[in-house]
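Read-outs throughout are calculated quantities, based only on the coordinates presented, and are distinct from any laboratory measurement. It should be emphasised that the depicted structure is a prediction, and the values quoted were computed from it without experimental measurement. So basically every Cβ, Gly included, is an ideal-geometry build from the backbone, and we count neighbours across all protein chains shown.
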RNA sequence: GGGGAUGUGGCGGAAUAGGUAGACGCAUCGGACUUAAAAUCCGGUGAUGGAAACAUCGUAAGGGUUCAAGUCCCUUCAUCCCCACCA
């Protein structure tokens, strides 16, 4: 007989819902808290994919264990529901995106429930819900008041096809992340958030959180802190001057030319008559280049001479000023001093245009790798010094003469915070008299999206610009016009985890005392694709809200895990390219059951690794669950008397499974449960207590089956809050263990002995062991190593 | 170009305070049950040689440290991910 998973799973899902089994009273501070968070999904039209249940099952397992251990567990779910697909649906059909979104959310909600996750659905949030985005707008207002949100003229990533501006992390290789449309750079007035102001805090915060080192490193690289100096260069025969940023001011004596970005404001002013045409031509050439071409670092350096010369501030030498697109306006000061002897890019440029190369550090120039050792030459007061010494000497020199100053630069850019779209949070700002930006009053929030006839973008303007009634307002008798851009998708997701704690609060984004109790999130699981986007933005908002006294902790996510990707059976990412290898979790649940899918995905391999799908593995998981079910439900072997035969394996299993779940080593936890069941099958009688405790552990992985079997044996209402089993350390000591004899490190024999045997006794047993006699006969024993309870190594 | 990670049977993967490599599962082979098949239960299964006992080899490749290396160190190769002319 095999168990009917459809019947059992339906039965328990209904039971949990009816009895609100997983409702969390957030005000109950009597128990220790545990807050486990999943990255909430974007409710697309196609429903869950095979990757969703992976991370979600992992958090569910740990939550179920924590509940049994007596924690007050917060395990919520919600929906990141603003976004492009719903908007495109609205454009195509003329229907409001909200109904489409709600329909998709309903599908997702049903699928998530079907998988047996122990979410507290009373905490559900949705970012497109006005009662939620009221607070997204409120945070924006706070940022505006703190001068961290502002509207500035800046170069942006403009996507013509989508009719909107995109953030840097939404652009991949010069194409839009969504839709893969070309993206160009364009100057526009934009709402931005000054995330750079938090660069240092975001770097420091990384030190105190338990995140994968690779993710921390990615964030560090994205922030890209570099220490150096600003150096002022005067233009010869001119009143003009410009600044360069350099991390190696110590090489100033080796600067043989300067390079400005083609868009640098000074270019037109300083270019001499003779070079005007060439410069103009080059500027056009550079502006037409797509990001892809500009990113191709293998290409030849290009550039033109401006005819102007700069004066090297340390030795008054005249050095030519060039322009080239390898210098970016958006980083540093948009100008560099070129030291071809010690910088690869400058070297290539100098070689291409036959410019001077003057080494200032001893060593082999051609390798370009000599800049860290060797003493300084050709550098007057730096001669004979080493790097660190030379850097401080040069900075001191520049500072004393007001020729420059130390400076820290970040690669991180402003977070572009506006999209010319409809389906996002309206930015709660009014432009009054065409000059001054005024935010809405708190009592006027949320600013709700108006209904439109047509959701298409108009001439690169947000669809909202057509809502004339909504658009025009009057403030204190002055004419005002609302901002028509909306916030990006990353807005709501930057703080949603705070709202779960207090989702219905109408007076604050969440009650401070509740936040104080529940934060930080103890465990956050989600895909590695969010390593720098969402995870950096969410940290920044949280740091900001901490500074505002709204949130009690600096870092929101104490521990972070990335689940790996579930690949198709062909070992390639599931997707449009190989539709025949795409797995629909719905189908798996219907055919094999949610418990099977959960067990299978957890048993596939380490949570963090990418793993290929295997249908036979699903089948095997199902068979194993049936094997457990048969043992418990059919075989009349359970007794109330312990014959102690399973003592060791049972206690070891409890220990191993408990520890493995803590470390999210879920594949090995399942493997140990399999070993336990295999042992049980070898017994005539099984101590019922052991099986009951085994079911508790299994119920974290396969909750429906767990409930069913536990209910069958005990008549308890639910297993969800039964105490987690403990193990008896004394039962883990075996009376007899296998000890290995090695000769020169090679396995030559084994014997059984007590783990507590004295070293000398062990040595004697080993030396007398028959299978090693031929190896030691007539040889001098030089040394013996005894590793208690494991190995004896004889060196001859 | 920079950063990060990974590399173990036919397959997914176990094993790190250095101490029996290949747990567990898949696949496969055999046995039991069956008229038969499926399902189930039990057992074998890294490679090579051998009837067997056993021997030799074996964790991407090469070197090293050590009584002992999948694990530590050096060099090389391959794959994947992220960033990328960041001065």
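Along Cα→Cβ, 7 Å out, is where each label goes; now give me the distance between the ones at residue A:99 and residue A:513 in nm to one decimal.
4.4 nm
Using helices alone, what [θ] at 222 nm do you get for chain A, with -39,500 (n - 2.57) per DSSP H run of 4 or more residues, divided over all residues and rounded to the nearest 500?
Mean residue ellipticity at 222 nm (helix-derived): -10500 deg cm²/dmol.
Between the range A:200-266 and the range A:717-737, what is the C-alpha centre distance in whole Å?
58 Å
Would you list A:673, A:68, A:154 from fewest to most Cβ contacts within 10 Å?
Going from least to most buried by this count: A:154, A:68, A:673.
How would you classify the range A:145-212 from its alpha-carbon gyration tensor, with a ≥ b ≥ c the square roots of the eigenvalues: rounded for a/c under 1.5, else prolate if a/b is greater than b/c, otherwise oblate?
Cα axes put the range A:145-212 in the oblate bin.
Nearest 10 degrees, 0 to 90: what angle lies between the long axis of helix A:615-633 and the longest principal axis of chain A (Cα atoms)?
Compared with the principal axis, the helix lies near 40 degrees.
Listing A:740, A:259 from the residue with the fewest other Cβ atoms within 10 Å to the one with the most, what is the order?
A:740, A:259
For chain A, what is the relative contact order in percent, using Cα pairs closer than 8 Å and at least 6 residues apart in sequence?
That works out to 15 percent.
Once you have all Cα-Cα distances for the range A:637-796, histogram them in 5 Å bins from zero and send the whole-percent values.
2, 8, 15, 15, 13, 10, 9, 9, 8, 6, 4, 2, 1, 0, 0
With only alpha-carbon pairs counted, each pair once and no self-pairs, how large is the Kirkwood hydrodynamic radius of chain A in angstroms?
Computed over chain A, the radius equals 31.4 Å.
Kindly provide the pair-distance distribution of the range A:603-656 built from C-alpha pairs, with 5 Å bins from 0 and whole-percent values in order of increasing distance.
Histogramming the range A:603-656 at 5 Å steps yields 4, 14, 12, 18, 20, 14, 10, 6, 3, 0 percent.
Can you tell me how the range A:194-267 classifies by the Cα gyration tensor, rounded, prolate or oblate, using a/c under 1.5 as the rounded cut?
Since a/c reaches 1.5 and a/b is larger than b/c, the shape of the range A:194-267 is classed as prolate.
May I ask you to derive the relative contact order of the range A:544-661, considering only C-alpha pairs under 8 Å and at least 6 residues apart, and to give it as an integer percent?
Value for the range A:544-661: 23 percent.
Once a ≥ b ≥ c are taken as the square roots of the eigenvalues of the Cα gyration tensor of the range A:1-79, is the result rounded (a/c under 1.5), prolate (a/b larger than b/c) or oblate (a/b not larger than b/c)?
Cα axes put the range A:1-79 in the oblate bin.
What does the extension gain come out to for residue A:637 and residue A:689, with contour length at 0.36 nm per residue minus their alpha carbon separation?
Length gained between residue A:637 and residue A:689: 17.5 nm.
Using Stokes-Einstein with the Kirkwood hydrodynamic radius over Cα pairs, what translational diffusion coefficient do you get for the range A:559-635 at 25 °C and a viscosity of 0.890 mPa s, in µm²/s rounded to a whole number?
After rounding, the answer is 181 µm²/s.
Could you work out the mean projected area of the convex hull around the alpha carbons of the range A:493-545, in square nanometres to one decimal?
Taking a quarter of the hull surface, the average projection is 3.9 nm².
Please give, to one decimal in nm, the separation of the simple spin-label points placed at residue A:791 and residue A:186, each 7 Å out from Cα toward the Cβ.
Label-label distance for residue A:791 and residue A:186, simple model: 6.7 nm.
In whole angstrom, how far apart do the alpha carbon centroids of the range A:428-475 and the range A:654-708 sit?
58 Å
Using Cβ contacts closer than 10 Å as the measure, can you line up A:604, A:394 from fewest to most?
So the residues, fewest neighbours to most, are A:604, A:394.
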